[in-house]
1. Testing PHE21 on (1) touching a residue at least 60 places away in the same chain (Cβ under 8 Å); (2) under 19 Å from TYR243 (Cα atoms), one condition comes back false. Which one is that?
2. Just one of the numbered conditions (1) touching a residue at least 60 places away in the same chain (Cβ under 8 Å); (2) more than 23 Å from LEU180 (Cβ to Cβ); (3) acidic (Asp, Glu) is not true of GLU107; which one?
3. Is it the case that region 70-89 has a residue that's hydrophobic (A, V, I, L, M, F, W, C) and closer than 16 Å to LEU256 by Cβ?
4. Identify all residues within region 174-205 that are under 16 Å from the mean Cα position of the chain (by Cα) and hydroxyl-bearing (Ser, Thr, Tyr); write none if there are none.
5. So which pairs qualify, if the first residue must be in region 82-103 and under 15 Å from PHE4 (Cβ atoms), the second must be aliphatic (A, V, I, L, M) and outside any helix (DSSP H, G or I), the Cβ gap must be under 8 Å, and the two must be at least 6 apart or on different chains?
6. Would you check if there is a residue in region 126-146 being in contact with a strand residue (DSSP E or B) (Cβ under 6 Å, 6 or more places away or on another chain) and β-branched (Val, Ile, Thr)?
7. Those residues that are more than 27 Å from LEU71 (Cβ to Cβ) and aliphatic (A, V, I, L, M), I need them from region 240-272; list them, please.
8. Could you please find all residues in region 196-254 being part of a loop (DSSP other than H, G, I, E, B) and surrounded by fewer than 15 Cβ atoms within 10 Å (Cβ to Cβ)?
Amino acid sequence: MKRFLIYSVLILVVLAMLYVFMPHGILMFDDITPQLYLESKPTITIFNRWIIIVPSSTIIVYLLGIQILVLGYLLLRQHKTLWGISFLFWGVGTLLAGTSYQGFGYELKCSGQPVCEFTSWFELAYLFVTAISIAVMALAFAEDFTKGPLKSYLKRYAKGLLVVYTILLLMGSIFEIYFLISYELFTIFFMPLFVFFFVLNIRQFRVQKDERNKRFIILWILFLIVNVLYYAYYLPGFTETLYTNTGIWFSANDVLHVGLIGWFLYIQFRLAPYLGEYHLD
């Protein structure tokens, strides 16, 4: 309980600092005005007051966030504590991201501004909370698939990675440094962990020929496919082309989120029985 309280206080302190030191000076690329921002996306107005951007995308990402939270809760009830905590943070991060990248993006970054701001507290909080999720996932993976010095190394590496990333994120927010608060830096920090998971599962499966490693290998392949589909849709600009020609909004983020819904369904129905029952130490 004492460790839980300490971790909770530290998380709240970081979230508060990200709020106090919001980098308002970093603006959207090409100095996009609120009017141009609204013209580039479908919107609806609720209660004659708040503008919601890309409503269909907002529904998809909120459904994904709720799905992940439910999965995290179910795993906690099954005493798969580390995995449950990881997915609870991932779910919260998804809802935070959906609130700003979709949903209330205009209200948070553009409303009342001459030029739209690059980010919001919700997006910074999303990066931080999701970083916690992946670090805890690494702890769970270490318990399930490693032992001895490798387990100790992976757990120290995951914790150290989270600490360093958090410091850089705070520095980016305080000193208004774009790269330090970007998704690109987040990817550079945490994607290698997924590569490590994939490689280790392959190596263990070659020796053990077991179902657990096999299902995890499928998990990482599916994760790779989802991300490849995202970039295959994003780089050619299909989102803008589809919206301009048909008025239908289906973005690269929608491709990602729909893919992740399937990915988490795989975890819930095919992988959950193989997740270990371990607690955060």
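Derivation of every value follows stated rules applied to the coordinates shown; laboratory data play no part. If you're wondering where the values come from, they're calculated on a predicted model, not measured in any experiment. Every residue, glycine among them, receives a Cβ derived from its backbone with ideal geometry; neighbour counts consider all protein chains shown.
1. Only one criterion in (1) touching a residue at least 60 places away in the same chain (Cβ under 8 Å); (2) under 19 Å from TYR243 (Cα atoms) is unmet by PHE21, namely (2).
2. All conditions pass for GLU107, except number (1).
3. Within region 70-89, not a single residue is hydrophobic (A, V, I, L, M, F, W, C) and closer than 16 Å to LEU256 by Cβ.
4. Correct list: SER182, TYR183, THR187.
5. Pairs that qualify, where the first residue is under 15 Å from PHE4 (Cβ atoms) and the partner is aliphatic (A, V, I, L, M) and outside any helix (DSSP H, G or I), are LEU82/LEU280; ILE85/LEU280.
6. Within region 126-146 (the criterion being in contact with a strand residue (DSSP E or B) (Cβ under 6 Å, 6 or more places away or on another chain) and β-branched (Val, Ile, Thr)), the answer is no, since none of the residues qualifies.
7. LEU242, ILE248
8. LYS209, ASP210, LEU235, PRO236, GLY237, GLY247, ILE248 - these are the residues of region 196-254 that are part of a loop (DSSP other than H, G, I, E, B) and surrounded by fewer than 15 Cβ atoms within 10 Å (Cβ to Cβ).
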